[in-house]
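These notes concern the structure reproduced below.
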Amino acid sequence: MTISNVNKSVNLFPGPMVPAHGGEPAPAPGLTSSGRSFLAAAEAEPKYSCEFGSSKYFALCGLGGILSCGITHTAVTPLDLVKCRLQVNKEKYQNLGKGFKLTYAEGGAGGLFLGWAPTALGYSAQGLCKFGFYEVFKNLYSNMIGEENTYLYRTSLYLAASASAEFFADIALSPMESVKVRIQTSQVGTFPTTLREAAPKIMKEEGLNGFYKSLAPLWGRQIPYTMMKFACFERTVEALYEHVVPKPRAECSKSEQLVVTFAAGYIAGVFCAIVSHPADTIVSYMNKAQGSSMGDAARALGFSGMWGGLGPRIIMIGTLTALQ
């Protein structure tokens, strides 16, 4: 497949793609392949706020990640709180409804937002790296393999770029994730409930290891999650425009495109939640049980225990991914 054929399908990146050798003959000087003048073609080109691949472009992607991840994860703190408690104490909280009821009874309305501060800080840092580095690595790997291979193997490119980005994003997330989970899953009255008290306590008792002891299972949770998130989202968008939306993307209004984006995000989020849930349960258990390893957590939970809280997490992750 030549790039001239590729351009008739879906462009991976916002900028125009240059035809490979063997493509259509060059147009006459001053004219495009359709016979229009360069000026007319330029006027028809969509206008972008910055050049793709520029420092400003990557900075804006990172800023978008801070806002989308920080705001959305903080907004669903009550659901995340109950989900974590279901994962580590299924006998007490039993299900989503009872989990909310008991949490409210123990701490009131404020109790539903335990861990909001480390959530906001941690997922803002993660979003910066996740969305910013995803575009950086996507551009880097695309330049390495060339434009035609970029299109032909675009799903592999999405997977490689998202895995690379998430590796660094989890290093940024891990300290605040550890604080959040300890606040949310500790027995009432046994552990501080604010970031300014909880972080120094972990540092005093466990040192830096207390903030990074669950990094490996966090990678096990987040890297498959992010690979599924970006790859599934990108291909679902393509499929919706090809098989569901009755007109080309270029002819859709901004609101119509937003509906497609939201639907693709929710679909991707459901798959994200399923593939990453066992590792998410292990992360919650390890941060609650001091000194436990991944093996200890897996043995204590058992296969069925690692799927506790999946329902709330599907709702949470589907909503998060769609909003992001």
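The values are calculated or read from the model by the stated rules, or taken from the named source; none is laboratory data. Just so we're clear, the structure is a prediction, and the values are computed from it rather than from any experiment. Because the Cβ atoms are built from the backbone with ideal geometry, glycine has one as well, and the counts that use them run over all protein chains shown.
Listed values, structure above:
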quantity	calculated
From the options 81, 114, residue that is within 20 Å of residue 283 (Cβ to Cβ), assigned to a loop (DSSP other than H, G, I, E, B), among the aliphatic types (A, V, I, L, M) and modelled with pLDDT of 90 or more	114
The lone exception for residue 120 - which of (1) at pLDDT 95 or above; (2) under 18 Å from residue 284 (Cα atoms); (3) crowded, with 21+ Cβ neighbours inside 10 Å it fails	(3)
Tally of residues being free of Cβ contacts under 8 Å to residues at least 60 places away in the same chain, among the polar types (S, T, N, Q) and crowded, with 20+ Cβ neighbours inside 10 Å across the range 78-117	1
Wholly enclosed helices (runs of 4 or more DSSP H) of the range 137-214 bearing at least 2 residues charged (D, E, K, R) and surrounded by 14 or more Cβ atoms within 10 Å (Cβ to Cβ)	147-152, 154-185, 195-206
Selection within the range 151-182 - in contact (Cβ under 8 Å) with a residue 60 or more places away in the chain, in contact with a Pro (Cβ under 7 Å, 6 or more places away or on another chain) and among the hydrophobic types (A, V, I, L, M, F, W, C)	179
